[in-house]
Amino acid sequence: MSWEDLCNEARAKRYSLIPREWIIDESEQVPTNVVSIPGKYLSENEVEITQASTATILHNIHRGQWSAYCVVSAFCHRAAIAQQLVNCLSEILFEEALSRAKQLDAILANTGKVVGPLHGLPFSLKDEFDLIDVRTTLCLVSKANDDPSSVSSPNIQILVDQGAIPIAKTTTPTAVYNIETASNLFGQTLNPYNTNFSSGGSSGGESALLALRGSPLGVGSDLGGSIRQPASVTGIYGLRMTTQRTSHLCLQSPVLGIESLKPTNGPMANDVFSLELYAKAMANEAWKHDINAVNKPWEIFDSKGHFKFGYVMDAGPVQLTPPVKRAMLTLVQKLQAAGLECVPFDTAIIEEIAAYAAFMESSGNKRVIEECLKSGEPVKALSSWQAARDIPTSEMWVAQSERTKSINRFWKLWQSSGLDGLIMPVSPHAGFKFGEFKDVCYSPFANVVDFPACTFPVLTSDRSIDVADDSSTSPCYEPAESDGVPVGVQVLGPRLEEEKVLAMVTVLHDMLSK
């Protein structure tokens, strides 16, 4: 079978799993901003459920006001609509999810107890994590007909054990190895705020689904910004966890075994509460499944809002586009107006450390290239992947030693400045078309230093305010095209202090809301 036939077969199978009554008429014209479209196809009850906060959903399920079945059905319906609008799902699990919801409803009815704190909560997961009895393709044609996984990744199993219900796996770039989500197997995943734009990557299927509220909680992975970058361009929240605070075992990845730049995972959602649910579950349970995770249970963090922030605005070779610059300035000015300290941080050390993200290609990308060549599928990035050098161990030792020295210099600067958090862009772009993303600095920095980092929405691009400046603007920025696209920034905190990072995000969100 040709690679084209394998792609067509996979897409047809996926389409067949959407209930006929949920299919949208393809002849219907839709705008480039499709965020409001799902509501047209949902019942009043489904809209209420899928627009509710995660806290409300759990409260209503656990108190018997909503059945898990009704909640799961509503989100499955909305996810099906999202799939047809922006192409964000790789594996559809609606039937299995509804069956599990019935079981959980029966348990609650018979015992009066929930199975765990996430009882009945639907969630989605990036197609990199293993889920028992479901295949993991990494959106590679060579893996399109792989056998289903025999076990679930520990982080996914922890959620399931606490009562959460997986409803879908979401799209990734080919081999989960790009900053935008597109593959031969499933096609391009679009940004719901402008379908001419990318939803980011590599967790772009998650970001697109969550932006359309097709899931209340998503699970992404992050090696160089793959949670935070897509979250920032789709108006959602995303947390990159410290590598030792969660488990990253039992998943498929082109960089398994890499130690110089460790991948991690984290939650993506529409509010901080949802991020905390996931982070708390991992902090409390991951160490029981994975020897690499530390036993550091979740703690309640009470800062009373007294934080000192550093900020970085002009790192790297690509200058900030006007909407991103305005987002940063808005946040800094609001902090200073509120009497909180917010001081510039050394840009040079950020650039120096971010450059070590190149370690992700230190194997010469051999595993990725081999998988692509198996099927013969054409991959645009293949030539650039092949250009990467397989670095000898002796050279890697020297480079890793220099990286560690740089990180320690950074840490001394952090401590001498008395910082609690560091605010910086996620990327220079407020949305971007496929093939136009440029940045090698802002998002990978947190990965090299292994700091928890959380992206949160600040504002939306405004063509009347964010006027292009020929002297400083990226050539791919067009005010009219970016109009209305969300802009997020990120805040970083010290290793293993996810509680503090989420507390800082809450303070910043509340400040922006005033």
*Across the stretch 69-94, which residue is surrounded by the fewest Cβ atoms within 10 Å (Cβ to Cβ) among those that are in contact with a strand residue (DSSP E or B) (Cβ under 7 Å, 6 or more places away or on another chain) and assigned to a helix (DSSP H, G or I)?*
F94
*Unique residue being under 27 Å from T321 (Cβ atoms) and without any contact (Cβ under 8 Å) to a residue 40 or more places away in the chain when the list is S383, S482, S464, S427*: S464
*Just a yes or no: is a residue in the stretch 462-484 modelled with pLDDT of 95 or more, within 29 Å of N265 (Cβ to Cβ) and within 25 Å of the chain's Cα centre (by Cα)?*
no
*Filter result for D466 (assigned to a loop (DSSP other than H, G, I, E, B), crowded, with 21+ Cβ neighbours inside 10 Å and acidic (D, E))*: yes
*Which residues, counting only those in the stretch 320-339, are among the hydrophobic types (A, V, I, L, M, F, W, C), surrounded by 18 or more Cβ atoms within 10 Å (Cβ to Cβ) and part of a loop (DSSP other than H, G, I, E, B)?*
L320
*Would you say P117 is within 22 Å of T246 (Cα to Cα) and either in contact with a Pro (Cβ under 8 Å, 6 or more places away or on another chain) or at pLDDT 95 or above (or both)?*
yes
*If V30 satisfies every condition in (1) under 26 Å from S482 (Cα atoms); (2) of a type in the set (A, V, I, L, M, F, W, C); (3) at pLDDT 95 or above but one, which is the exception?*
(3)
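Right, E351: closer than 19 Å to N447 by Cβ, in a helix (DSSP H, G or I), touching a residue at least 24 places away in the same chain (Cβ under 8 Å) and of a type in the set (D, E) or not? Full working, then the answer.
Numbers: closer than 19 Å to N447 by Cβ: yes; in a helix (DSSP H, G or I): yes; touching a residue at least 24 places away in the same chain (Cβ under 8 Å): yes; of a type in the set (D, E): yes.
So E351 fits the description; yes.
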*Pairs only if they're at least six apart or on different chains, beta carbon under 6 angstrom, first in the stretch 30-50 and at negative phi and crowded, with 19+ Cβ neighbours inside 10 Å, second of a type in the set (D, E) and in a helix (DSSP H, G or I); list them, first residue then second.*
none
*Can you tell me how many residues in the stretch 169-209 are within 22 Å of E95 (Cβ to Cβ) and either out of contact with any helix residue (DSSP H, G or I) (no Cβ under 7 Å at 6 or more places or on another chain) or among the acidic types (D, E) (or both)?*
3
_Failed item, numbered, when Q188 is tested on (1) surrounded by fewer than 24 Cβ atoms within 10 Å (Cβ to Cβ); (2) farther than 23 Å from G376 by Cβ; (3) under 18 Å from the mean Cα position of the chain (by Cα)_ = (2)
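Scan the stretch 419-430 residue by residue and report those that are of a type in the set (G, A, S) and closer than 17 Å to P173 by Cβ.
To start, the set of residues in the stretch 419-430 that are of a type in the set (G, A, S) comprises 421, 427, 430.
If the condition is that a residue be of a type in the set (G, A, S) and closer than 17 Å to P173 by Cβ, then S427 is the only one that fits.
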_Condition first: assigned to a loop (DSSP other than H, G, I, E, B), surrounded by fewer than 18 Cβ atoms within 10 Å (Cβ to Cβ) and among the polar types (S, T, N, Q). Can you find one or more residues in the stretch 299-319 that meet it?_
yes
*Options T32, T50, T56; residue that is of a type in the set (V, I, T) and over 25 Å from G204 (Cβ atoms)*: T56
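The values are calculated or read from the model by the stated rules, or taken from the named source; none is laboratory data. Everything numeric here is computed off the predicted structure, so don't read it as measured data. A quick note on method: Cβ atoms are made from the backbone with ideal geometry, for glycine too, and the neighbour counts reach across all protein chains shown.
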